[in-house]
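Contents: one structure, followed by commentary.
The values are calculated or read from the model by the stated rules, or taken from the named source; none is laboratory data. Worth saying up front: this structure is predicted, and the values here are computed from it rather than measured. Quick reminder, even Gly has a Cβ in these numbers, built from the backbone with ideal geometry, and neighbours come from all protein chains shown.
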Amino acid sequence: MADREDRLRRLAQRRDRFAAVMTAAIIVVYFGFVLLIAFNKPMMGSLIRPGLSVGILMGALVIVVSWLLTWFYVRWMNVHYDPELRDLSK
């Protein structure tokens, strides 16, 4: 019984660490984008080609990175966390 509780505690710690890393990653991406807008407007407004500025491209990349981080989190939960939690619940 104590072994099972220890495994569950370790699993919860791994989940919390992973969630903290993923949260930090999205905060860095999002606030990095916002800080670039606030402090480097000329760069963000420079055109890559007509109708496409660096800011628009980076804004789209923020969205794509958010999707990728969400996919990575869900995949990690499905591959690592959920199976081990199922084993512990038996």
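Number of residues in region 13-46 that are over 18 Å from the mean Cα position of the chain (by Cα) and either surrounded by 13 or more Cβ atoms within 10 Å (Cβ to Cβ) or among the aliphatic types (A, V, I, L, M) (or both) equals 7. In this structure, residue 37 does not qualify as farther than 30 Å from residue 13 by Cα and either in contact (Cβ under 8 Å) with a residue 60 or more places away in the chain or outside any helix (DSSP H, G or I) (or both). Is there a residue being touching a strand residue (DSSP E or B) at 6+ places or on another chain (Cβ under 9 Å), surrounded by 10 or more Cβ atoms within 10 Å (Cβ to Cβ), at pLDDT 95 or above and part of a helix (DSSP H, G or I) anywhere in region 56-73? Yes, region 56-73 has at least one match.
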